[in-house]
Amino acid sequence: MPTRPTFPLLFTLAAGQVGWQRLAAGSRIHLERGQGLLHEPPQWLAGRVWQTPVPLQAGQSHRLARGGWVRLDARSALAARIEPPRGPLSYARQAWERTRTAGSATSRPITERAYR
């Protein structure tokens, strides 16, 4: 069963790798090192799906205007940090996620009994 990421989310990509992450509007992506090309969540533009490309260098950040699936292409080996949106609702959501997942170190698989 997929689990929600804990923030701040830290990840690394080797040159040529692509990473995907579903993020909320207002999330911030910060490149710690390397170079990458960030593709914002898809949107409809003139009857076509479009993802705005945003080139990032080490030390640069980008805040998402819309939520959705974000793609990060590594032009060189990179390390990135993703921070959740700030605000009262984001803090409440983080608190809820901590409470909901407290005591469970790992996710548990869904068994057939769950569907009966």
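Derivation of every value follows stated rules applied to the coordinates shown; laboratory data play no part. Keep in mind it's a predicted model, so treat the numbers as computed, not measured. We place every Cβ from the backbone using ideal geometry, glycine too, and count neighbours over all the protein chains shown.
Annotation: amide H-H contacts under 5 Å for G26 (H modelled 1.01 Å from N, sequence separation of 5 or more, or interchain): L64, A65, R66.
Modelled spin-label separation between R66 and W50, with each label point placed 7 Å from Cα along the Cα-to-Cβ direction: 1.0 nm. On the beta carbon distance between A25 and S76, with R0 = 22 Å, the FRET formula returns roughly 0.20.
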